[in-house]
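Engineer: What follows is a structure written as structure tokens; I'll ask about it next.
The values are calculated or read from the model by the stated rules, or taken from the named source; none is laboratory data. This is a predicted model, so every value here is computed, not measured. Don't worry about glycine lacking a Cβ; one is built from the backbone with ideal geometry, like all the others, and counts go over all protein chains shown.
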Amino acid sequence: MGELRLEELSANNIVAANTLSLKPGQEQYIAPVSYSVAASVINPATAWQRVVLLDGEVAGFIHGNFDPESSTEEFRACIWRINVDADAQGKGVGKFAADALAAEARKRGFDHITVIWEPGAEGPESFFHKIGFKDVGETAYGEIIGALQL
């Protein structure tokens, strides 16, 4: 495994983050990074966006949200979006990103983080379960709500 490092999303790395590749079948589960950028403009105080560098190259992106005042429990400390380049999947990039968000949540006083995903064969469910998320509910749209205790 190569060297993993976290960096804030910036003008220097946004193009690379927005062009992360996917494995066949994953496109239906992942929105473009540019959607996260738009969300951070709307909610700059709560958005937490980072890229993961693998040996100096952008290999992943994570968008977290920290809003202790949110009326929706699962949006108070959550992974909003996580993307890992197809060639970097299985190399610890996603876990590294999720662990970094969990550490930030702990630092901010949260005792758990959440994530919502759409179930499906090529979806992220097995990844989230593998890194410790437990199913805790379902949205009105049939998406799974997972939580990780910190």
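Engineer: Looking at V93, V58, V52, V84, which is the one that is touching a residue at least 40 places away in the same chain (Cβ under 8 Å), of a type outside the set (S, T, N, Q) and in contact with a Phe, Trp or Tyr (Cβ under 7 Å, 6 or more places away or on another chain)? Step through it out loud before you land on a result.
Structural biologist: Details: V93 fails: in contact with a Phe, Trp or Tyr (Cβ under 7 Å, 6 or more places away or on another chain); V58 fails: in contact with a Phe, Trp or Tyr (Cβ under 7 Å, 6 or more places away or on another chain); V84 fails: in contact with a Phe, Trp or Tyr (Cβ under 7 Å, 6 or more places away or on another chain).
Answer to the check: V52.
Engineer: Here is a follow-up. Over 15 Å from W48 (Cα atoms), among the β-branched types (V, I, T) and either in contact with a strand residue (DSSP E or B) (Cβ under 6 Å, 6 or more places away or on another chain) or not in a strand (DSSP E or B) (or both): which single residue out of V115, V136 fits that description?
Structural biologist: Exactly one of V115, V136 is over 15 Å from W48 (Cα atoms), among the β-branched types (V, I, T) and either in contact with a strand residue (DSSP E or B) (Cβ under 6 Å, 6 or more places away or on another chain) or not in a strand (DSSP E or B) (or both), namely V136.
Engineer: Since K107 meets every condition but one in (1) exposed (fewer than 12 other Cβ atoms within 10 Å of the Cβ); (2) within 18 Å of V93 (Cβ to Cβ); (3) among the charged types (D, E, K, R), which condition does it not meet?
Structural biologist: (2)
Engineer: Something else: Based on this model, can you work out whether L20 counts as modelled with pLDDT of 85 or more and either of a type outside the set (A, V, I, L, M, F, W, C) or more than 29 Å from E143 (Cα to Cα) (or both)?
Structural biologist: No; evaluated as a whole, the condition is false for this residue.
Engineer: Checking the structure you have, find out if any residue of the stretch 107-130 is at negative phi and in contact with a Ser or Thr (Cβ under 8 Å, 6 or more places away or on another chain). Write out each step before concluding.
Structural biologist: The initial filter retains those residues of the stretch 107-130 that are at negative phi, namely 107-108, 110-119, 121-130.
Restricting the remaining residues to those that are in contact with a Ser or Thr (Cβ under 8 Å, 6 or more places away or on another chain) gives 116.
So far as the stretch 107-130 goes, yes, one or more of its residues are at negative phi and in contact with a Ser or Thr (Cβ under 8 Å, 6 or more places away or on another chain).
Engineer: Moving to a separate point now. Would you pick out the residues in the stretch 41-71 that are part of a loop (DSSP other than H, G, I, E, B) and either modelled with pLDDT under 95 or closer than 21 Å to D111 by Cβ (or both)?
Structural biologist: Correct list: N43, P44, A45, T46, D67, P68, E69, S70, S71.
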